[in-house]
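Chemist: Sharing a structure, written as structure tokens. Questions coming.
Just so you know, all these numbers are worked out from the coordinates, no wet-lab data involved. Quantities reported herein were computed from a predicted structural model and do not represent experimental measurements. Here Cβ is always computed from backbone atoms with ideal geometry, including for glycine, and neighbour counts include all displayed protein chains.
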Amino acid sequence: KKKITIPQLQSEKKGGRKFRMVTAYDYLFATMIEETDIELILVGDSLGMVVLGYDSTVPVTLNDMIHHCRPVVRGAPSTLIIGDMPFGTYNVSIADAIGNGNRLMKEAMVDAIKLEGGQEVAETISALVKAGIPVMGHIGLTPQRASQLGGFKVQGKTEEAKESLLQDALALEEAGAFAIVIECVPYDIAQKITENLQIPTIGIGAGPYCDGQVLVIQDLVGLYDRFVPKFVKQYGQVRPLITNALNDFARDVQEGAFPGPEHSFGMESKK
Ligand code: KIV
Ligand code: NA
């Protein structure tokens, strides 16, 4: 496996290549993704919900992100790794955003960062890119603004909202973003954005016409079952495999069936 490059993402969009991205938050999952054809890993601030047990991404800190990006980088050296900038790390000032972006690049050694927002963050993205920090955008449903948006809802349903999403996407491309995540919007506006941009779009709940797709890995393999959004396809049912194994262990210990002689030191196996 050879790590895909940021220039390749743009040049290969033209050839119709589809890009595959999943999230990861630790070394174990990173090593599994590294063995597959998936080109991109997002260390998402979904960390807050699927790993840290918060009910929103807002409490996630930059130190949380750095702590979780580092083992992913160690586990997947041939996969392009993007680290999310959490809430509050790019809304204070451009200088502060660059300082925080520098920390993710230097301390976590990710290949790029991602941040949420449209036209209102274009100036920040432009400054980050000029500072040498590759930035992936994220428009549509932006979970860091769930409170302001009135919940985790499909965005861009009216013609006006669709036009505004297209303007957001164009502003991010103009600002120098190398790709854009589009989350939870009707398929037709995601398609229109994809056709109007030179940079790749990576969809989640944004229909089949994006240049790539991203899913949260716990959703994809069926590990996280507190809530399964409509846009998730579960390619596995891993959670019951694990809970069944745990129950088998609990029963064996209770019944004295584990450990057997084969798992014990200096004990003759009966055979
Ligand atoms: O944090 C995350 O997992 C994300 C993806 C859903 C795009 O931002
Ligand atoms: Na995120």
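Chemist: With the contact rule set at Cα under 8 Å and sequence spacing of 6 or more, what percent relative contact order holds for the chain?
Modeler: Here the relative contact order equals 16 percent.
Chemist: Let me ask another. Using all Cα-Cα distances in the range 6-236, what percent lands in each 10 angstrom bin from 0 up to the longest?
Modeler: Binned Cα distances yield the sequence 8, 35, 41, 15, 0.
Chemist: Out of all Cα-Cα pairs in the range 100-258, roughly what percent, to the nearest whole number, are more than 20 Å apart?
Modeler: 58
Chemist: So, in Å, what gap is there between the alpha-carbon centers of the range 164-182 and the range 1-56?
Modeler: 20
Chemist: Taking the Cβ of each residue in 25, 224, 187 as the centre, tally the other Cβ atoms inside 10 Å and list the residues starting with the fewest.
Modeler: 187, 224, 25
Chemist: Taking amide H positions as placed 1.01 Å from N in the peptide plane, with prolines and chain starts having none, which residues 5 or more places from residue 52, or on another chain, fall under 5 Å of its amide H?
Modeler: Answer set, sorted by chain and number: none.
Chemist: Looking at the chain as a GNM with Cα springs under 10 Å, which of 242, 66, 182 has the largest mean-square fluctuation?
Modeler: 242
Chemist: Hey, if you drop one equal point scatterer on each alpha-carbon of the range 1-113 and run the Debye formula without solvent, what base-10 log of I(q)/I(0) do you get at q = 0.13, 0.24 Å⁻¹?
Modeler: Once normalised to I(0) and log-transformed, intensities are -0.50, -1.27.
Chemist: Residue by residue through the range 55-61, what is 3J(HN,Hα) from phi via Karplus (6.51 cos²θ - 1.76 cosθ + 1.60, θ = phi - 60°)? Round to whole Hz and write x for glycine and proline.
Modeler: Each residue's phi maps through the Karplus curve to give 9, 8, 8, 4, x, 5, 9 Hz.
Chemist: Residue 138's amide H: which non-local residues (gap 5+, or another chain) put their own amide H closer than 5 Å, with H modeled 1.01 Å from N in plane and none for Pro or chain starts?
Modeler: Residues meeting the criterion, in which the H sits 1.01 Å from N, are 115, 117, 181.
Chemist: Along the range 168-181, what does the Karplus equation 6.51 cos²θ - 1.76 cosθ + 1.60 (θ = phi - 60°) give for ³J(HN,Hα), rounded to whole Hz, x for Gly and Pro?
Modeler: Once θ is set to phi - 60°, the couplings for the range 168-181 become 4, 4, 5, 5, 5, 4, 4, 6, x, 4, 8, 6, 9, 7 Hz.
Chemist: Let me ask something else. Between residue 20 and residue 1, what is the label-to-label distance in nm when each label sits 7 Å out along the Cα-to-Cβ direction?
Modeler: It is 1.0 nm.
Chemist: Further question: Give the long-range amide H neighbours of residue 19: residues separated by 5 or more places, or on another chain, with amide H under 5 Å away, using H modelled in the peptide plane at 1.01 Å from N.
Modeler: The list, which skips near neighbours in sequence, is 212, 213.
Chemist: What is the packing order of peptides 245-253, 159-167, taking the mean over residues of other C-beta atoms within 10 Å and listing the highest first?
Modeler: Ranking the peptides 245-253, 159-167 by packing returns 159-167, 245-253.
Chemist: Residue by residue through the range 117-125, what is 3J(HN,Hα) from phi via Karplus (6.51 cos²θ - 1.76 cosθ + 1.60, θ = phi - 60°)? Round to whole Hz and write x for glycine and proline.
Modeler: Those phi angles translate into x, x, 3, 5, 10, 4, 5, 5, 4 Hz.
Chemist: Give, in whole angstrom and from largest to smallest, the semi-axes √(5λ) of the equivalent ellipsoid of the range 75-120, with λ running over the eigenvalues of the Cα gyration tensor.
Modeler: 21, 12, 7
Chemist: Rank by packing, highest mean first: peptides 27-35, 11-19, 213-221, 45-53, with packing defined as the count of other Cβ atoms within 10 Å averaged across residues.
Modeler: 213-221, 45-53, 27-35, 11-19
Chemist: Using a Cα distance threshold of under 24 Å, what count of lysine pairs results for the range 1-112 when pairs must be 8 or more residues apart or interchain?
Modeler: 11
Chemist: How many nm is it between the label spots at residue 102 and residue 146, if each spot is 7 Å from the Cα in line with the beta carbon?
Modeler: Calculated label separation equals 3.3 nm.
Chemist: Neighbour counts of other C-beta atoms within 10 Å: give me 199, 180, 6 arranged from fewest to most.
Modeler: Exposure proxy ranking, most exposed first: 6, 199, 180.
Chemist: Please work out the FRET efficiency for the pair residue 252 and residue 154, using the Cβ-Cβ distance as r and a Förster radius of 51 Å; give the result to the nearest 0.05.
Modeler: The computed FRET efficiency comes out at 0.60.
Chemist: Something else about it: Go ahead and estimate [θ] at 222 nm for the chain from helices alone: -39,500 (n - 2.57) per DSSP H run with n ≥ 4, summed, over the residue count, rounded to 500.
Modeler: So the calculated ellipticity at 222 nm is -12000 deg cm²/dmol.
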